[in-house]
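Participant: Below you will find the structure I want to go over with you.
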Amino acid sequence: MICSSSCAGCSLQANNCTACASGYFLLNSNICVSSCPLGYYSSNSTCLVCSTANCAVCQSNTCTVCQSNYVEVVISGVVSCISSCPTNTYLNSGTNSCINCSSNCLYCTSSTSCSQCTNSSYLLYLGYCITSCPPGFTINNGTCFACPVNCKLCLSLTNCTTCISSAYVLVNGTCTMNSTVNCSPGYYVNSLGNCSQCYPTCQTCNGGLVSNCLICFDGSTLSNGVCLQNCAVGSFFNSNTSSCHSCSSRFFNCASCSSSACTSCSGNYSLVNGNCSLTCPSGTYLADQQCYSCSAYCLTCATSNNCTQCLNSSFILYNSSCYSTCPVTTYQNAGSCLPCFQTCLTCTNASSTSCQSCITPYNYYQNACVVSCPNGTFATNYTCEPCSTNCLICSSSGCTQCSSSYYLINGTCRSTCPSSGYYIDSNRCLACVAPCSQCVSRTGCTACVSSYNLNGSSCVGQCAAGQYYNSSLSSCTNCSMSYCGYCTATSCNACLSTYYSYYLNGVISACVANCNNIQYTFNDNSTMNCSSCYSNCQTCTNASYCNLCTNNYYLLQLSGVNVN
């Protein structure tokens, strides 16, 4: 058996490799590839699975590139590829690592922004987890909320127990202003019961802080007790100065913004993580003044599905995507993937004789892909395997026609037929029909087995055809198999002359008038046997002409050649 060109050794089949040729690597114990696929690395000419889960590219046991939608992080000093950080941690995009949340926090987005505590014994307070709420706060669904306005201590969000000063009186759990003191607009009743001026941005207020506003002046909007100036496009409100500032004073080339981030850029600048950049960073592309991610393993791209340069030399750019190995129907040449010949599935170059495997329904033969296997070979698993020695035409079950000067016997080719028990018919050695022991043709007997006598060219015995002599009964008994002409007590040795013998596991299983009633066989008049049809043929006229194929196979023209 000739091994595939990529194999240094093979077993059972040409592409079932046990060792690889130079420049190839053994994958999954029986496949030789020119480079290891994603999730594998090469070691001693073998492709080994990366030890890190969800890793696309690794060197030995160290992952260097994670699969798409996974991020490379270092957890307890070990590189891992994860889709999200575990509980009690959050992803720091700057260091690309998982950072611990604050104490007793289960979920968080930063070290100062907890969204859920580890259990019900802790309370959420201003992004941290504490055991009890401070004065001026009350518990509601596991979170500390500030008591109602003007309330110093409370039992719930609607039940105040102590007001902030004597300027307020407690009425049904609510603190209302003491009506005995009346202050002018822009002033409020302080803790001494006197009038004090509101914060300058407030028109009316209930305290002297910037967040104690009740009504704002025209041109400002009330937000959580603070009066924010309505700033024009291109500016933002600075709470420290209580005034509007230009976006460009805080963010370079920014057209609109909030106090914490730019929201749109001017000119040819693009928005990248809240800042404006003239060009998008590696791995991203510019669209609608925004930077978007390229496809996996792509360093530069025009769109998400149009890569122009891969991450590194480990990847190959083909059809605007990056591959670790060239896809099927292509081959690698000088860092590029080029198309194979049209019938090749895998190949070493574009020539029609450089195939390594074929597309369906073609068969692999001597580095080429053919519709049907040539004489001297037979198709198995879309590969042309050589027939046995001196065989001209064969199938997976054996030889069906020998080369000239050789004779076919039991699926093999011999230079001569056995000296007895066989006769020659069209380059075939055919067995004499029992009870004939030597013959010159199927009906020309020259010697008989014991207890039979030669009468002309036929053998006759003490019992008629279809019977055998039963010594225990001292009489002739009918053969147990219908239409059997010559038999013993346990087996049929030959069918009646007008019936065909159907063999199963080397012995006659039935005598039938027509083999067409048995799938995969045909009437072989030269041997009076039910002989096998061509491989994958359900009914046939002879060994080389198929009438109906088995499931998943189709007749090619009317030649009887099967394709999958």
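Participant: Tell me, yes or no, whether the stretch 337-354 has at least one residue that is of a type in the set (Val, Ile, Thr), in a loop (DSSP other than H, G, I, E, B) and over 16 Å from Val33 (Cα atoms).
Facilitator: Checked against the condition, which is being of a type in the set (Val, Ile, Thr), in a loop (DSSP other than H, G, I, E, B) and over 16 Å from Val33 (Cα atoms), the stretch 337-354 yields at least one hit.
Participant: Among Val71, Val49, which is the only one that is under 29 Å from Ser336 (Cα atoms), at pLDDT 85 or above and aliphatic (A, V, I, L, M)?
Facilitator: Sole residue among the options that is under 29 Å from Ser336 (Cα atoms), at pLDDT 85 or above and aliphatic (A, V, I, L, M): Val49.
Participant: Give the residues of the stretch 29-71 that are at positive phi and more than 16 Å from the chain's Cα centre (by Cα), sorted by residue number.
Facilitator: Those that are at positive phi and more than 16 Å from the chain's Cα centre (by Cα): Ser29, Asn44, Ser45, Ser60.
Participant: Further question on the same structure: Might you let me know whether the stretch 209-222 holds any residue that is in a loop (DSSP other than H, G, I, E, B), of a type in the set (Val, Ile, Thr) and crowded, with 16+ Cβ neighbours inside 10 Å?
Facilitator: Looking through the stretch 209-222, at least one residue is in a loop (DSSP other than H, G, I, E, B), of a type in the set (Val, Ile, Thr) and crowded, with 16+ Cβ neighbours inside 10 Å.
Participant: Let me ask something else. With Ile99, Ile130, Ile139 as the choices, which residue is surrounded by fewer than 18 Cβ atoms within 10 Å (Cβ to Cβ), under 30 Å from Asn273 (Cβ atoms), of a type in the set (A, V, I, L, M) and within 53 Å of the chain's Cα centre (by Cα)?
Facilitator: Result: Ile99 is the single residue among Ile99, Ile130, Ile139 that is surrounded by fewer than 18 Cβ atoms within 10 Å (Cβ to Cβ), under 30 Å from Asn273 (Cβ atoms), of a type in the set (A, V, I, L, M) and within 53 Å of the chain's Cα centre (by Cα).
Participant: Okay, moving on. Go through Asn536, Asn547 for me and flag whichever is farther than 29 Å from Val440 by Cα and either surrounded by 18 or more Cβ atoms within 10 Å (Cβ to Cβ) or in contact with a Gly (Cβ under 7 Å, 6 or more places away or on another chain) (or both).
Facilitator: Of the residues listed, the single one that is farther than 29 Å from Val440 by Cα and either surrounded by 18 or more Cβ atoms within 10 Å (Cβ to Cβ) or in contact with a Gly (Cβ under 7 Å, 6 or more places away or on another chain) (or both) is Asn536.
Participant: Just wondering, is there one or more residues in the stretch 161-184 that are more than 27 Å from Thr138 (Cα to Cα) and part of a strand (DSSP E or B)?
Facilitator: No: zero hits.
Participant: Quick test for you: out of Ser270, Ser259, Ser243, Ser293, pick the one residue that is surrounded by 15 or more Cβ atoms within 10 Å (Cβ to Cβ), without any contact (Cβ under 8 Å) to a residue 24 or more places away in the chain and either among the polar types (S, T, N, Q) or out of contact with any Phe, Trp or Tyr (no Cβ under 8 Å at 6 or more places or on another chain) (or both).
Facilitator: Criteria check complete, one pass: Ser270.
Participant: Against the conditions (1) touching a residue at least 40 places away in the same chain (Cβ under 8 Å); (2) in contact with a strand residue (DSSP E or B) (Cβ under 9 Å, 6 or more places away or on another chain), where does Cys195 fall short? Just the number, please.
Facilitator: Status for Cys195: all satisfied but (1).
Participant: Checking the condition crowded, with 18+ Cβ neighbours inside 10 Å, modelled with pLDDT of 90 or more, closer than 27 Å to Ser239 by Cβ and not polar (S, T, N, Q), which residue from Tyr199, Tyr188 passes?
Facilitator: From the options Tyr199, Tyr188, the qualifying one is Tyr199.
The values are calculated or read from the model by the stated rules, or taken from the named source; none is laboratory data. Everything numeric in this text was worked out from a predicted model, so none of it was measured. Cβ coordinates were reconstructed from backbone atoms using ideal geometry, including for glycine residues, and neighbour counts include every protein chain displayed.
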